[in-house]
Amino acid sequence: MLRRHHDMGGLEAGPVDPFGPGAEHDYAPWEKKVDAILRLVSDQKRRIMTVDELRRGIEELGPGVYDELSYYERWIASVTNNLIEKGVIDIDELGRRMAAVTEAWPAGGVTEAEPKTGGEST
C-alpha cells in the first residue's frame, strides 16, 4: 500500500516533548475563528460538511502545501475547498472578500485592532 505524505504512522519521528512545539498554547483570534467556522458548518442544524470531509480536504493538500501550513491553516484550506465544492461559496465571491480584507487590514498581519475602514466586517 502506498503511503501518502501526511501519513506518519509507524515512521520514526523522535521523542515527544509535551512542553515543546505544538504543546497547549493560547490560540490566536484567527485560530479561534477557524474553529468556530468548522463548528458552524458541521453542526447538527446546518450539516454542510462532516469531520470526514475536513480530513479528506486536509489529506488532499499536496506535500508542499501540507508541510508548510499550520494546523489551523490546513483546517481553513479544507473548509474553504469543501464549501467551494458544495457551491456554498464560489471562487469569485471568495476573491472579492479576500480583496476587501486585504484592503481593510494593510500588510503586516492582522492584529487585535479594528480594521482601518471601521466599516462593516467581512
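The values are calculated or read from the model by the stated rules, or taken from the named source; none is laboratory data. All values derive from a computational prediction rather than experimental measurement. Don't worry about glycine lacking a Cβ; one is built from the backbone with ideal geometry, like all the others, and counts go over all protein chains shown. For accessibility, only protein heavy atoms count, side chains too; no ligands or nucleic acids. Shrake-Rupley method; radii C 1.70, N 1.55, O 1.52, S 1.80 Å.
Of note:
- Local net charge near Leu38, Cβ-Cβ under 12 Å (Lys/Arg +1, Asp/Glu -1): +2
- Ranked from largest to smallest solvent-accessible area, with a 1.4 Å probe on the protein heavy atoms, Arg96, Arg74 come out as Arg96, Arg74.
- Across the protein chains, with a 1.4 Å probe defining accessible surface, the residues Asp90, Asp52 rank Asp52, Asp90 from largest area downward.
- nm² value of the averaged projected area, convex hull over the Cα atoms of region 29-104: 5.6 nm²
- For region 31-45, 3J(HN,Hα) per residue [Karplus equation, 6.51 cos²θ - 1.76 cosθ + 1.60, θ = phi - 60°, Hz, x = Gly/Pro]: 5, 5, 5, 4, 4, 5, 4, 4, 4, 5, 6, 10, 6, 5, 6
- Virtual paramagnetic centre 7 Å along Cα→Cβ of Gln44, amide N under 14 Å, in region 54-88: none
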